[in-house]
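Worksheet: one structure, shown below.
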Ligand SMILES: [Mg+2]
């Protein structure tokens, strides 16, 4: 069996042709990149890449020359050849990781189809038949709705600034039996001192984890938070490969690693990361908020096979196109997704639906407040700003204790 071609399918998410920029979820900035690895025996595999899809599409096309003519079943050997193929381009980070991920995912899909087995059965077999998922809430009402849908965990994101009162209100709404998490999104606008002040307030709310309290470039800053705050920490969505996640695990900087299923480096890389974490009694909750449905299938296969799984992130309910571009469509029941049983990954692309959403743009809008881009304000959106420009976004105390 030989690889004959790799096709890519890039699409705009949360937006349709003719829709104004900024419409839809993620302000219209999301793209999904799917790919199909074809063989001379008619069997093909599909995969998904995240990390910067419009850029990764070119990386995949570049790497294709390494794969054409190779046996797709030699997954680990081909992964190493692809990794060497990126070396001359420097430290390629999540872009290289995204390209390798989508290709490796497709090779597993091929192997599963050839052997007539779901991918989880080739990775060591199942620990579980369903994978718990969590949703996102920006209000107590939304948190209640998720509970009514059967979810038992919700995450609050600090996007427009720190809102400790909102976290407290959501904890109150869901009760002590459910889990609440906070994602600070690794903001450069929260210094380690700010993140510690916020963390100390969050200690009172019994969180499952406090995610990306500081920006990801400087792990000494994360260590400072780690040492000062008595609360489980989570991080790792922006790194790829075992070497990217290594310091988080080896330095015990987090309690939960969060590799992104579309850019971690592939399913085997994720299993290796999980094993590294297991040796430190660290759990894994893959990042998945912006990913498409193929990566979600892949995450379920990996998560079925590792012991230290916590939960999978899920945008519930996502933009309608999510439910049109693949088949079958996954549906969460009682806060969990079923582990697929069909050979391979168990998911197929609906190419004619994907074609309806050509990629338009792939960078996020800056905050849409009136002051956007005004120098000297938070809306100027420079990466790091002094407190006097960030002040309105930082309320470091809950109001009932101020
Ligand atoms: Mg996050």
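The values are calculated or read from the model by the stated rules, or taken from the named source; none is laboratory data. Owing to the predicted nature of the structure, the values given are computational and were not obtained by experimental measurement. As a convention, Cβ positions derive from the backbone with ideal geometry for all residues, glycine included, and neighbour counts pool all protein chains shown.
Which count do you get for residues in the stretch 243-253 that are part of a helix (DSSP H, G or I) and either within 16 Å of the ligand (Cβ to nearest atom) or out of contact with any helix residue (DSSP H, G or I) (no Cβ under 6 Å at 6 or more places or on another chain) (or both)?
Total meeting the criteria: 6.
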Q | Search result, residues across the stretch 83-100 that are out of contact with any helix residue (DSSP H, G or I) (no Cβ under 8 Å at 6 or more places or on another chain) and buried (at least 20 other Cβ atoms within 10 Å of the Cβ) | A | 94
Q) Which residues, taken from the stretch 121-145, are under 20 Å from the mean Cα position of the chain (by Cα) and either touching a residue at least 40 places away in the same chain (Cβ under 8 Å) or buried (at least 24 other Cβ atoms within 10 Å of the Cβ) (or both)? A) 130, 131, 132, 133, 134, 135, 136, 137
Q.
When you check residue 262 against the structure, is it buried (at least 24 other Cβ atoms within 10 Å of the Cβ) and either at pLDDT 95 or above or not in a helix (DSSP H, G or I) (or both), yes or no?
A. yes
Q.
Looking at the structure I just gave you, is residue 102 out of contact with any strand residue (DSSP E or B) (no Cβ under 9 Å at 6 or more places or on another chain) and not assigned by TED's automatic domain parsing to the domain that holds residue 261?
A. no
Q) Got a number for residues in the stretch 225-243 being more than 18 Å from residue 185 (Cβ to Cβ) and buried (at least 16 other Cβ atoms within 10 Å of the Cβ)? A) 3
Q) Filtering the stretch 272-295 down to residues that are free of Cβ contacts under 8 Å to residues at least 60 places away in the same chain and within 16 Å of the ligand (Cβ to nearest atom), which residue is farthest from the chain's Cα centre (by Cα)? A) 283
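Mind telling me which of the residues 275, 295, 299 ends up being assigned to a helix (DSSP H, G or I) and either more than 20 Å from residue 239 (Cα to Cα) or out of contact with any strand residue (DSSP E or B) (no Cβ under 7 Å at 6 or more places or on another chain) (or both)? Please lay out each step first, then the result.
Details: 295 fails: either more than 20 Å from residue 239 (Cα to Cα) or out of contact with any strand residue (DSSP E or B) (no Cβ under 7 Å at 6 or more places or on another chain) (or both); 299 fails: either more than 20 Å from residue 239 (Cα to Cα) or out of contact with any strand residue (DSSP E or B) (no Cβ under 7 Å at 6 or more places or on another chain) (or both).
275 is the lone residue from the list that is assigned to a helix (DSSP H, G or I) and either more than 20 Å from residue 239 (Cα to Cα) or out of contact with any strand residue (DSSP E or B) (no Cβ under 7 Å at 6 or more places or on another chain) (or both).
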(Q) Being over 24 Å from the mean Cα position of the chain (by Cα), outside any helix (DSSP H, G or I) and touching a residue at least 12 places away in the same chain (Cβ under 8 Å) narrows it down to one residue among 69, 85; which is it? (A) 69
Q: Scan 302, 214, 239, 256 and give me the residue that is farther than 26 Å from residue 130 by Cα and either more than 14 Å from the ligand (Cβ to nearest atom) or more than 13 Å from the chain's Cα centre (by Cα) (or both).
A: 214
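Here's the yes/no breakdown for (1) at pLDDT below 95; (2) more than 16 Å from the ligand (Cβ to nearest atom):
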{"site": "141", "(1), (2)": "no, yes"}
{"site": "148", "(1), (2)": "no, yes"}
{"site": "151", "(1), (2)": "no, yes"}
{"site": "166", "(1), (2)": "no, yes"}
{"site": "171", "(1), (2)": "no, yes"}
{"site": "180", "(1), (2)": "no, no"}
{"site": "185", "(1), (2)": "yes, no"}
{"site": "197", "(1), (2)": "no, yes"}
{"site": "200", "(1), (2)": "no, yes"}
Q.
With the requirement that a residue be at pLDDT 95 or above, under 29 Å from residue 311 (Cβ atoms) and assigned to a loop (DSSP other than H, G, I, E, B), what does the stretch 335-365 give you?
A. 335, 339, 340, 341, 342, 343, 345, 346, 347, 350
